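I have placed the structure first, in the form of structure tokens, so that the comments after it can refer back to it.
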Amino acid sequence: MTAVNLGIPSAAPPPLAQRRPTRQLNVGGVLVGGGAPVSVQSMTTTRTSDINATLQQIAELTASGCQIVRVAVPTNDDADALPAIAKKSQIPVIADIHFQPKYVFAAIDAGCAAVRVNPGNIKKFDDKVGEIAKAATEAGTPIRIGVNAGSLDKRLLEKYGKPTAEALVESALWECSLFEEHGFGDIKISVKHNDPVVMVRAYRLLSQQCDYPLHLGVTEAGPAFQGTIKSAAAFGALLSEGIGDTIRVSLSAPPVEEIKVGTQILESLGLRERGLEIVSCPSCGRAQVDVYKLAEEVTAGLEGLPVPLRVAVMGCVVNGPGEAREADLGVASGNGKGQIFVKGEVIRTVPESQIVETLIEEAVRIADQMGADLPDELKELVGPTVTVH
């Protein structure tokens, strides 16, 4: 009896383009730009003044893979909560500031990892740049210049007639130049728009005119499905050209969903090591099993498995065997049964009713042999080593 050489799933493919060279920022221990891996961000939906609720949501985001989190600071009570949140959060906290420049100073004093400012709607912002630059320099706090189509400076709206890509870029670079006049360059930029076409054009223009790290985002992207499509299209276009250093998917959905989408985008583009990946066919008239049900049940059963694993769930004999052989683990189904493959080898044939449990058992076994730290409820599924002749 010889153990199957399960190996390690192949690494992510090389990126589609070389990353755009930028200066590098240290955002609370997470490096942004300068060749650092693209990070994934989100924003809390709680009232920041509710410290416990905010920290609870940050913990949920952290568990889902969020690397940087932003909190809104519209009131004095929110500003007062920042020191506790910044201290207790497991990931860097960025304070999101609009309208009142005094909250910028409060966020810096609170020890936030960075501050996002929106020059288009902060009262007399340009007059405060020197003071903000001094405070941020002394504290070592990076600044994000976050320009949004919905809150563009009135002067630029008058000049361009509407928030065009050129208007967004001019606004961002103007504000950056004011900071640079005071010797402050720890800046990253976002130029967000709800239209992915305008957003992509803005970031392309921006990338040609500066070396600041860029925070990608389609603002007000919409409900989960629509927002996912918009973000994937825009991020895919830019990241495949090497543009973008950190991302935030904006969805009208729980923040954890933003992290799931953002992470999957990076994995799909080869910018992050792939985790669990389900390859399943769309089904057709050839399918002899319920592929939709199989794929959903396998996905649910393997959620959270802590290894990079490609699992193929195929419904017929046309592409099924080939796809299953290319995966780390797979099934080619038909005639009320399924052939289970591990690293291209058929290890057994099982009735259709046992396909899901068999795939889950084999996936857990592979994860165990890769040295994964399995949760207790999965450890009991680890049986003897799979063998083939």
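The values are calculated or read from the model by the stated rules, or taken from the named source; none is laboratory data. For clarity, every value in this text was computed on a predicted model and none was experimentally measured. Here the Cβ positions follow ideal geometry from the backbone for every residue, glycine too, while neighbour counts run over all protein chains shown. Areas reflect the complete protein model, heavy atoms only, side chains present, ligands, DNA and RNA absent. Shrake-Rupley method; radii C 1.70, N 1.55, O 1.52, S 1.80 Å.
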Restricting the range 1-25 to residues that are of a type in the set (A, V, I, L, M, F, W, C), modelled with pLDDT under 55 and open to solvent by 70 Å² or more (accessible area, probe 1.4 Å), the residue that is nearest to ILE85 (Cα to Cα)
ALA11
Residues (within 11 Å of GLN41 (Cβ to Cβ) and surrounded by fewer than 23 Cβ atoms within 10 Å (Cβ to Cβ)) located in the range 234-262
SER250
Which of the residues that make up the range 312-351 are modelled with pLDDT of 75 or more and under 14 Å from ALA295 (Cβ atoms)?
ALA312, VAL313, MET314, ALA327, LEU329, GLY330, VAL331, ALA332, SER333, GLY338
Going by what's in this entry, would GLY28 be described as open to solvent by 40 Å² or more (accessible area, probe 1.4 Å) and among the small types (Gly, Ala, Ser)?
yes
Based on this model, can you work out whether LYS102 counts as surrounded by fewer than 19 Cβ atoms within 10 Å (Cβ to Cβ), of a type in the set (D, E, K, R) and at pLDDT below 95?
yes
With respect to GLY130, is the statement that it is modelled with pLDDT under 95, closer than 23 Å to GLY161 by Cα and open to solvent by 10 Å² or more (accessible area, probe 1.4 Å) true?
no
Go through (1) more than 28 Å from ILE68 (Cα to Cα); (2) at pLDDT below 80 one by one and return the number of the condition GLY304 breaks.
(1)
I'm trying to understand the selection: among the residues of the range 38-80, which are surrounded by 22 or more Cβ atoms within 10 Å (Cβ to Cβ) and among the hydrophobic types (A, V, I, L, M, F, W, C)?
VAL38, VAL40, ILE58, LEU61, CYS66, ILE68, VAL69, VAL71, VAL73, ALA79
If you check PHE184 against the conditions, is it surrounded by fewer than 16 Cβ atoms within 10 Å (Cβ to Cβ) and aromatic (Phe, Trp, Tyr)?
no
May I ask you to say which residue of SER231, SER207, SER177 is without any contact (Cβ under 8 Å) to a residue 60 or more places away in the chain and crowded, with 20+ Cβ neighbours inside 10 Å?
SER231
So how many residues does the range 263-279 have that are open to solvent by 30 Å² or more (accessible area, probe 1.4 Å) and either at pLDDT below 80 or closer than 19 Å to ALA372 by Cα (or both)?
6
Matching residues in the range 340-352 - criterion: being closer than 19 Å to ARG310 by Cα and either open to solvent by less than 70 Å² (accessible area, probe 1.4 Å) or in contact with a Gly (Cβ under 8 Å, 6 or more places away or on another chain) (or both)
ILE340, PHE341, VAL342, LYS343, GLY344, VAL346, ILE347
Report, by residue number, each residue of the range 136-174 that is surrounded by fewer than 18 Cβ atoms within 10 Å (Cβ to Cβ) and hydrophobic (A, V, I, L, M, F, W, C).
ALA139, LEU157, TRP174
Inter-residue pairs, beta-carbon under 9 Å, first within 18 Å of TYR212 (Cα to Cα) and in the range 121-147, second among the polar types (S, T, N, Q) and assigned to a helix (DSSP H, G or I), 6+ apart:
ILE145/SER171; VAL147/SER171
